[in-house]
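Remarks on the structure that follows.
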Ligand code: GTP
Ligand code: SPV
Ligand code: MN
C-alpha cells in the first residue's frame, strides 16, 4: 500500500532511503493488523501476556530501565529564530539539528520493519482536529498510537483530502541515553525523535504534535492547545458544565477527569462525564464561548496511586484490553503497583524478583494505555465535532504550603497571570529530581512550542469585546500540614470545590475578596459529611499576605525572564496584585 498523496509517498521514500528498513508497513488501523502485531510482540518479548482470567486482553511492556520518562533536557524546539523558542525551551538551529539527528537515523532501521502510521488528533469529522503521520520502527509505538489516536484508513483519507499533515519520524535507535533527542521543527510541521521508546518521547501524536507543534499552530490560527483535562459536571437539575483544568504532569488530571462524586452527591443525582484527561484544544465559537475537544482517543495514565478507593472509574476502564508499561506483577501474573490495597508484587518493573531494597515494585511513572471508550464515565459529547462549551478554566499544582485550596481570578487578565505564575513540585513523569518547586506556567513548561512571553500575549488576546470567556480559578489539592500529610482528602471530594466553582460561574454563591482573588468563606463550600477538622479547613482557605507578597515578587522576576516578549499588560497586572498585597 501507499498513499494517493505524492508529498506523503515522497517523504516515506526519503525516510526509507535514510533509515534503510528491511520492510515498510502502512498501518490501516484494522483489528486484523492489531492482532497480528500483538502476536509478533508476544513472540519476540516486546509484550508479555498478563493473567487473562483476571485481565482479559491485557499485556505488559517493560521499557529499557534508562528509558522510563520524558527527557526535558534532550527535548528541543528548533525554530529559525532562537527567541521564538524562548528561554522556556532548549533550542538548536534547524539546519544543525537536522544534521545531528539525521546522522543518528542513518541506517538505524536495518533489520527492522518501518511502520507508517496515519493518525488524526480529534474526532475524524471535526474541523478542530488535525492529522499527522508517524513513521516508527517500534511496534509498541504502533500499538499505543492505535489506542491513543484515531489511526489508520480514515485518517489517511482525511490527510489525502487536506494535503497537509504533521510529519513525525521516530526510531528507538539503540536506546542509549547519550544518543537521544526529541526535536521539533514548528515552521516545517516536523518532529524527529531518536533513542527513546517511552510515552511522550515516542508517541508523537501526544505531547510532540498535540502540544508543542499544536501550540505553535494554535497561536498562528487563534486557538489554544493546552495540557488540560476536560470534564463535564452534571448537577441534579440535569445541567452539565464543562471544566478544563491544567495541572502539571502527575498532578491529578486523570483523577479529576474520572472523579466519582462523594456518596451524598451521588445520591442527590450529581454525575461526572469524562471528555479528556491530558490535552485540550479550544477555540472561540460563534457565540463567543470557548469550545473544546480532546484530541486523544485514549488514556496514557499514571498507574501508581490508582485504586478502587482513589479512582474506581480508572480501575474499571483498565480491567481489560490495556497495555501496562513498567508495572510490577503478582505471583499469579496480575499487574501490581504501589497504592493497590490487595495482592503483593512478586516481580518488579524491571522483571527482577521483588526486593524492597531495590525501591518501588512498579516504576513511579509506570502507566496504562487504554481506549477512552472503555471508560464508564466517557462523555456522550466527547466526540462532538464542534467540542463542548467551557464554563471554567482551572489551574493547579503541587503546592505544599501557601496556596489555598481554591481561589477565583478577578478577571481574564488576572486569570492569565495566575496561570503564568503556576508553580508545582516536579514529579516522576520526567527524568530528574522529584519534589523540586518550579514555575510551570499553565502546566505547559515542558510542552509550549514557543516563547512563553508570546504565549502569555496569545492568552491575553482572547479577551475581545464580544468574547464570553470562562472564569478562571486556581486549586491546590496538595497542601500539607505540619505533620507532612495532605490537609485535603482530595480525589472524589474535589467535587465540593468544583461545585463552588460552577456556582461562582452562575453567580449563585458568595466569596471573600482578597488581593489574590476570591476565596470561599467557610459556609460557601459544602463540607457536610467530610472528614476534615475545622483547623485544617481554616488553613486551606487562609491567605497569608506576607507569604504572598514574596511569592508575587518572585512572579515578577519570573515574568522579567522572558524580557520584552512578556506583555506589558501582564507585568502591570503583577504590579497591581503586588500593590494590593502591600496595602493588605
Ligand atoms: P500526567 O498523565 O502525567 O499528565 O498526570 P495527571 O495530571 O493525569 O495525574 P494523575 O491523575 O495520574 O495523578 C498523579 C498522581 O497524583 C497519582 O498518584 C494520584 O493518585 C495523585 N493524585 C491525583 N489526585 C489527587 C488528589 O486529589 N489528592 C492527592 N493527594 N493526590 C492525588
Ligand atoms: C505527561 O508527562 O504529562 C504525560 C505522560 O502525560 S507523557 O506522555 O510521557 O508525556
Ligand atoms: Mn500529561
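If we only count strands (runs of 3 or more DSSP E) wholly inside region 313-421, which ones have 2 or more residues that are farther than 21 Å from residue 259 by Cα and in contact (Cβ under 8 Å) with a residue 12 or more places away in the chain?
Working: elements: 323-325, 367-371, 388-396, 406-408.
Hits in region 313-421: 323-325.
I'd like to know if region 285-293 contains one or more residues that are in a helix (DSSP H, G or I) and under 14 Å from the mean Cα position of the chain (by Cα).
Step one: of region 285-293, the residues in a helix (DSSP H, G or I) are none.
Among the residues of region 285-293, not one is in a helix (DSSP H, G or I) and under 14 Å from the mean Cα position of the chain (by Cα), which makes the answer no.
Kindly evaluate residue 294 against the criterion of being surrounded by 22 or more Cβ atoms within 10 Å (Cβ to Cβ), in contact with a strand residue (DSSP E or B) (Cβ under 7 Å, 6 or more places away or on another chain) and in contact (Cβ under 8 Å) with a residue 40 or more places away in the chain.
Considered against the rule, which asks whether it is surrounded by 22 or more Cβ atoms within 10 Å (Cβ to Cβ), in contact with a strand residue (DSSP E or B) (Cβ under 7 Å, 6 or more places away or on another chain) and in contact (Cβ under 8 Å) with a residue 40 or more places away in the chain, residue 294 comes out as yes.
Cβ-Cβ under 6 Å, sequence separation 6+ or interchain: first residue in region 428-455 and assigned by the TED database to the domain that holds residue 92 and closer than 12 Å to residue 85 by Cα, partner part of a loop (DSSP other than H, G, I, E, B) and within 11 Å of ligand 2 (Cβ to nearest atom). Which pairs?
Listed pairs, sorted by first residue: none to list.
Look through 168, 107, 111 and report the one residue that is in contact with a helix residue (DSSP H, G or I) (Cβ under 9 Å, 6 or more places away or on another chain), more than 30 Å from residue 441 (Cα to Cα) and not assigned by the TED database to the domain that holds residue 444. Let's see the steps before the verdict.
Values: 168 fails: more than 30 Å from residue 441 (Cα to Cα); 111 fails: in contact with a helix residue (DSSP H, G or I) (Cβ under 9 Å, 6 or more places away or on another chain).
Just one listed residue meets the conditions, 107.
Considering only region 465-502, how many residues are out of contact with any strand residue (DSSP E or B) (no Cβ under 8 Å at 6 or more places or on another chain), more than 10 Å from ligand 1 (Cβ to nearest atom) and in a loop (DSSP other than H, G, I, E, B)?
7
Collect the residues in region 123-142 that are crowded, with 20+ Cβ neighbours inside 10 Å, in contact with a helix residue (DSSP H, G or I) (Cβ under 9 Å, 6 or more places away or on another chain) and part of a loop (DSSP other than H, G, I, E, B), keeping them in residue-number order.
The answer is 137, 138.
Is one or more of the residues making up region 327-344 crowded, with 24+ Cβ neighbours inside 10 Å and within 16 Å of ligand 3 (Cβ to nearest atom)?
no
Taking the criterion of being within 16 Å of ligand 2 (Cβ to nearest atom) and within 19 Å of the chain's Cα centre (by Cα), would at least one residue in region 451-468 satisfy it? Steps first, answer last, please.
Of the residues in region 451-468, the ones within 16 Å of ligand 2 (Cβ to nearest atom) are none.
Scanning region 451-468, I find no residue that is within 16 Å of ligand 2 (Cβ to nearest atom) and within 19 Å of the chain's Cα centre (by Cα), so the answer is no.
Within region 353-380, take every residue that is closer than 22 Å to residue 492 by Cα and more than 16 Å from ligand 3 (Cβ to nearest atom) and give me the one that is surrounded by the fewest Cβ atoms within 10 Å (Cβ to Cβ).
Top of the filtered list is 380.
Does residue 143 meet the test of being touching a strand residue (DSSP E or B) at 6+ places or on another chain (Cβ under 9 Å), closer than 26 Å to residue 30 by Cα and within 16 Å of ligand 1 (Cβ to nearest atom)?
Values: touching a strand residue (DSSP E or B) at 6+ places or on another chain (Cβ under 9 Å): yes; closer than 26 Å to residue 30 by Cα: yes; within 16 Å of ligand 1 (Cβ to nearest atom): no.
Against the criterion (touching a strand residue (DSSP E or B) at 6+ places or on another chain (Cβ under 9 Å), closer than 26 Å to residue 30 by Cα and within 16 Å of ligand 1 (Cβ to nearest atom)), residue 143 does not qualify.
Of all residues being out of contact with any helix residue (DSSP H, G or I) (no Cβ under 7 Å at 6 or more places or on another chain) and surrounded by 21 or more Cβ atoms within 10 Å (Cβ to Cβ) in region 430-443, which is farthest from residue 211 (Cα to Cα)? Just the residue, please.
440
Among the listed residues 553, 536, 572, 549, identify the single one that is out of contact with any helix residue (DSSP H, G or I) (no Cβ under 7 Å at 6 or more places or on another chain), assigned to a helix (DSSP H, G or I), at pLDDT 95 or above and farther than 26 Å from residue 461 by Cβ. First the steps, then the outcome.
Values: 553 fails: out of contact with any helix residue (DSSP H, G or I) (no Cβ under 7 Å at 6 or more places or on another chain); 572 fails: farther than 26 Å from residue 461 by Cβ; 549 fails: out of contact with any helix residue (DSSP H, G or I) (no Cβ under 7 Å at 6 or more places or on another chain).
After applying the criteria, what remains is 536.
The values are calculated or read from the model by the stated rules, or taken from the named source; none is laboratory data. These numbers come from a predicted model, not from an experiment. Quick reminder, even Gly has a Cβ in these numbers, built from the backbone with ideal geometry, and neighbours come from all protein chains shown.
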